[in-house]
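Read through the structure below, which is laid out as structure tokens, and then see the notes.
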């Protein structure tokens, strides 16, 4: 849908009042076809952010389609159009969200990259984890150390309002404002020497829409294969979830009763997160997501009580907890699933129980609620 600049936005286009801005993207043309518009939006380059406030939310009376905007696109002819959100949470959004098939067209897309193992990244990880002598084998890339490589070094003008790279490109342009790494499943086939050059092949494995307590959800599965000298060294499947912003004044405090203290934990360690820890991990991973360092943004835009601890950082801490107590075994597999966010407002605990195959690992908040579950397989 296109309207000329200067005209009022059509009534069927709405923006939630608690959003603090929209991403303005310049486009050369404004096609009439929604799918073509979304494809162009995926390739568009953001130029600036303008505040938008006091607009309503929901589908317009008498309109066949409703739209909830993540982006407003303005082309060089000063036309405006909006992307609809996709299909299964229509009741929650008051929208048609009929473009799930378009998002699914990203399934099968691939991306290839090559990068040498970076010694400074390895040293930075050891420093972050407070190791003088790291518990992983000398001369090898640390387990999960590949997360410090193949980083998305996009130009400053290509970042979205939340600090993430703007939507589109390799990942589908899901028009939900929040993007989080929900979990991963990894298989370690061969050690990666510190002198190695890694080749990574990434592909979109699946795109699915669901609804949850927080509203509409879109899940994207991404598969990575890392080879060294033509031999498969590591496989990973990442689950990325896109979500809506919270309702105004909605608390992120869990409403369920506190869980009892963790039973069966052989080893426990308490971690007190702070802005320095989160900054150092963001720097190691070139992660500009504002929820990890911009407290006013966290509280006023995303509604969090404090800075959000990176999910992958907690996963690294859990695996490090395992390695410190079982360093002699060779890691073969690792998986984690984030259950709820952790913040820099309180300590959290790392828990471990040995199993025949390796270990069960989990993180809990100060009330004993599980925030992440993981397993390690070793031989």
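The values are calculated or read from the model by the stated rules, or taken from the named source; none is laboratory data. Model, not experiment: these values are computed from the prediction. Neighbour counts are summed over all protein chains in view; Cβ atoms, including those assigned to glycine, are modelled from backbone coordinates with ideal geometry.
Taking the stated definitions as given, is residue 329 touching a residue at least 40 places away in the same chain (Cβ under 8 Å) and not in a helix (DSSP H, G or I)? Yes. Across region 267-297, what is the total count of residues that are under 30 Å from residue 355 (Cβ atoms) and exposed (fewer than 15 other Cβ atoms within 10 Å of the Cβ)? Count: 3.
State yes or no: is residue 101 more than 28 Å from residue 197 (Cα to Cα) and without any contact (Cβ under 8 Å) to a residue 24 or more places away in the chain? Yes.
The residue of region 152-179 that is modelled with the highest pLDDT, among those that are within 16 Å of residue 240 (Cα to Cα) and surrounded by fewer than 16 Cβ atoms within 10 Å (Cβ to Cβ), is 170. Is at least one residue of region 335-345 within 17 Å of the chain's Cα centre (by Cα), assigned to a loop (DSSP other than H, G, I, E, B) and buried (at least 23 other Cβ atoms within 10 Å of the Cβ)? Scanning region 335-345 turns up at least one residue that is within 17 Å of the chain's Cα centre (by Cα), assigned to a loop (DSSP other than H, G, I, E, B) and buried (at least 23 other Cβ atoms within 10 Å of the Cβ).
Within region 184-236, which residues are under 28 Å from residue 329 (Cβ atoms), without any contact (Cβ under 8 Å) to a residue 24 or more places away in the chain and surrounded by fewer than 16 Cβ atoms within 10 Å (Cβ to Cβ)?
The first filter runs over region 184-236 and keeps only residues under 28 Å from residue 329 (Cβ atoms), leaving 184-200, 223-236.
Now narrow it down to the ones that are without any contact (Cβ under 8 Å) to a residue 24 or more places away in the chain: 223, 230.
Result: 230, single match.
Yes or no: residue 300 modelled with pLDDT under 95 and surrounded by fewer than 21 Cβ atoms within 10 Å (Cβ to Cβ)? Walk me through how you get there before you give the answer.
Values: modelled with pLDDT under 95: yes; surrounded by fewer than 21 Cβ atoms within 10 Å (Cβ to Cβ): yes.
For residue 300, the condition - modelled with pLDDT under 95 and surrounded by fewer than 21 Cβ atoms within 10 Å (Cβ to Cβ) - is met.
Residue count for region 313-334 under the criterion of being touching a strand residue (DSSP E or B) at 6+ places or on another chain (Cβ under 9 Å) and either under 16 Å from residue 185 (Cα atoms) or buried (at least 19 other Cβ atoms within 10 Å of the Cβ) (or both): the result is 13. Apart from one condition, residue 297 fits all of (1) within 20 Å of residue 244 (Cα to Cα); (2) in contact with a strand residue (DSSP E or B) (Cβ under 9 Å, 6 or more places away or on another chain); (3) not in a loop (DSSP other than H, G, I, E, B); the exception is (2).
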